[in-house]
Amino acid sequence: MIKSMSKKLKSKNIMEETRKELTPSQIVGELNKFIIGQHEAKRAVAIALRNRWRRQLIQDNLREEILPNNIILIGPTGVGKTEIARRLAKLANAPFLKVEASKFTEVGYVGRDVESMIRDLTDISVNMVKLEKTNEVKAKADELAEEKILDILIPPVKKSVGITHPQEGQNDTNNEEYQNKKTREWMRAKLKNGEMDDKMIEFDSTAQSSFGMQVLGPFGMDDMGINIQEIMGNMMPKKKKKRKTSIAEARNLITQEEAQKLIDMEQVQKEAIQRVENTGIVFIDEIDKVASSGSKTQGPDVSREGVQRDLLPIVEGSNVNTKYGVVRTDHVLFIASGAFHVAKPSDLIPELQGRFPIRVELRSLTEDDFVQILTTPENALLKQYCALLATEGVKLEFTKDAIREVAKIATEVNEQVENIGARRLHTILTTLLDEILFDVPDKMPPDKVIIDAKMVTDKLDSIVKNRDLSKFIL
Ligand SMILES: Nc1ncnc2c1ncn2[C@@H]1O[C@H](COP(=O)(O)OP(=O)(O)OP(=O)(O)O)[C@@H](O)[C@H]1O
Ligand SMILES: [Mg+2]
């Protein structure tokens, strides 16, 4: 009996553990809510994410042997490459950084060095953890802030009254204390229900003003992970400053200050580094831009290859100094992406190719995809426009035919002018809805607005037919 119970408990624990980490099919399921098609890419990132977790459970010596599943997403512009990576990071609640490979230069040249991506990722992680911790202590900080404001409004009775009035008896003090307490409670109720929000109050603020403190360090200091501002900030005594604001604002400010005091920044930094090391995701966009395009010319190519070489150790796993401490990049997941129109993945230096063992191609989007993208994702474009107009009390509806027509036009323009993928839908919709977006609320439609196929063709056909015009407008 006991045995079976403990067995049950154990299996429950394991289940809870695994529930936190989504399974590959769950990850794909979640991605499906936002991204249409591109099944192969979704599968690849789902496996990579799960594999990283699996790898962490393996014994040390074997674990080191298993290469991380870094991925290259190959596909034309606007088909969901960045979107997949971004959503993935959200799902995993992981620190996520998107960088453009073309922004980096080889060490020694003017420009950002590749290590800065890890420093930026760590910054993001620290902010993430800090926000979480702040939310955890929010209730407590709120309470403390309330107490502080009460102290200002109704200062507590000093226990040392005895010194000034040695003759007087205990009773008076007790009485005074009792009265004070009662008034405080009365005031507390008023504070709580917001009655006092607009009243002004003066209080001591210890928050350092962020203005006038912008200290610019010598060039490159920031890149070395040294934050002059922070050093200066710590050196300067924390000056108390009298401020006068409404009680509502004071409450906000004091709550923030109290929350700051309650969280242990050292702990935050430690956790942030751990999170980067174990769950961080770096998305390197435009990786094809640092691939040499075959021709063996001198010049910029030298520096491009240098960037690739600088990338190697970071992708493979090395230690990077950040202002919060050393960060190991062994388990950071790297997802590279590029259109690879001119250069091919094989134009990357072989060592780098080896570090991105998984390659996935994303396809161009079709008319049917566009219909789906317009309507089904949780943040679907049409839903966005409906929500925008709903704020002004206007109900917007699209007929099925109208949606089909928009998708058709998007495909047409993509074929004729330039394929910019799903981004085309944005330009088409802004053109289509231009009038209503401008008119509301000055000229309100009498009834709900229904967009049908005819309206779509009336508004857009002439532009689509005229290639030159569509180049500019759509
Ligand atoms: N398959 C898709 N499903 C839903 N929305 C998509 C899809 N593809 C693209 N989008 C939408 O189109 C826009 C651009 O997509 P995204 O940023 O992912 O393009 P990309 O593939 O990274 O292109 P680029 O190579 O130019 O960076 C986003 O707003 C995204 O929501
Ligand atoms: Mg992109």
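The values are calculated or read from the model by the stated rules, or taken from the named source; none is laboratory data. Just so it is clear, the model here is predicted, and its values are computed rather than measured. Methodologically, a virtual Cβ is constructed for each residue, glycine included, from the backbone with ideal geometry; neighbour enumeration extends over all protein chains shown.
Annotation note: Cβ proximity below 8 Å between a residue of the stretch 422-437 that is under 22 Å from ILE450 (Cβ atoms) and a residue that is part of a helix (DSSP H, G or I) and not aliphatic (A, V, I, L, M) (sequence gap 6+ or interchain) occurs for LEU425/PHE370; LEU429/TYR385; THR431/LYS459; LEU432/LYS459; LEU433/TYR385; LEU437/THR430. Scanning the stretch 66-83 for residues that are polar (S, T, N, Q) and assigned to a loop (DSSP other than H, G, I, E, B), we see that the one that is nearest to ligand 1 (Cβ to nearest atom) is THR77.
The residue list ILE58, ILE27, ILE66 contains one member that is modelled with pLDDT of 90 or more and either surrounded by 10 or more Cβ atoms within 10 Å (Cβ to Cβ) or within 16 Å of ligand 2 (Cβ to nearest atom) (or both), which is ILE27.
A Cβ distance below 6 Å, combined with a sequence gap of six or more or placement on separate chains, defines the contacts here; from the stretch 326-338, residues that are within 12 Å of ligand 1 (Cβ to nearest atom) reach residues that are not in a strand (DSSP E or B) in the pairs ILE335/ALA85; ALA336/ILE287; ALA336/PHE356; SER337/LYS81; GLY338/GLU286; GLY338/ILE287; GLY338/ASP288.
Residues of the stretch 442-465 being of a type in the set (Ser, Thr, Tyr) and under 37 Å from the mean Cα position of the chain (by Cα), which ones? If the condition is that a residue be of a type in the set (Ser, Thr, Tyr) and under 37 Å from the mean Cα position of the chain (by Cα), then no residue fits. For the residues ILE373, ILE358, the requirement of being on the phi < 0 side of the Ramachandran plot, within 16 Å of ligand 2 (Cβ to nearest atom), surrounded by 14 or more Cβ atoms within 10 Å (Cβ to Cβ) and among the β-branched types (Val, Ile, Thr) singles out ILE373.
Within the stretch 411-425, the set of residues being assigned to a helix (DSSP H, G or I) and either touching a His at 6+ places or on another chain (Cβ under 8 Å) or surrounded by 21 or more Cβ atoms within 10 Å (Cβ to Cβ) (or both) comprises VAL413, ASN414, ARG424, LEU425. Using the structure shown, decide if LYS408 is without any contact (Cβ under 8 Å) to a residue 12 or more places away in the chain and either assigned to a strand (DSSP E or B) or not assigned by TED's automatic domain parsing to the domain that holds ASP288 (or both). No: the conditions fail for LYS408.
To keep it simple, each residue is scored yes or no on (1) assigned to a helix (DSSP H, G or I); (2) within 30 Å of PRO377 (Cα to Cα); (3) in contact (Cβ under 8 Å) with a residue 24 or more places away in the chain; (4) within 16 Å of ligand 2 (Cβ to nearest atom).
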| position | (1), (2), (3), (4) |
| --- | --- |
| ARG52 | yes, yes, yes, no |
| ALA85 | yes, yes, yes, yes |
| SER102 | yes, no, yes, yes |
| LEU121 | yes, yes, yes, no |
| ILE124 | yes, yes, yes, no |
| ASN135 | yes, yes, no, no |
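One residue alone among ILE231, ILE226 is at pLDDT below 90, closer than 30 Å to ALA89 by Cα, of a type in the set (A, V, I, L, M, F, W, C) and outside the structural domain of GLY78 (by TED's automatic domain parsing), and that residue is ILE226.
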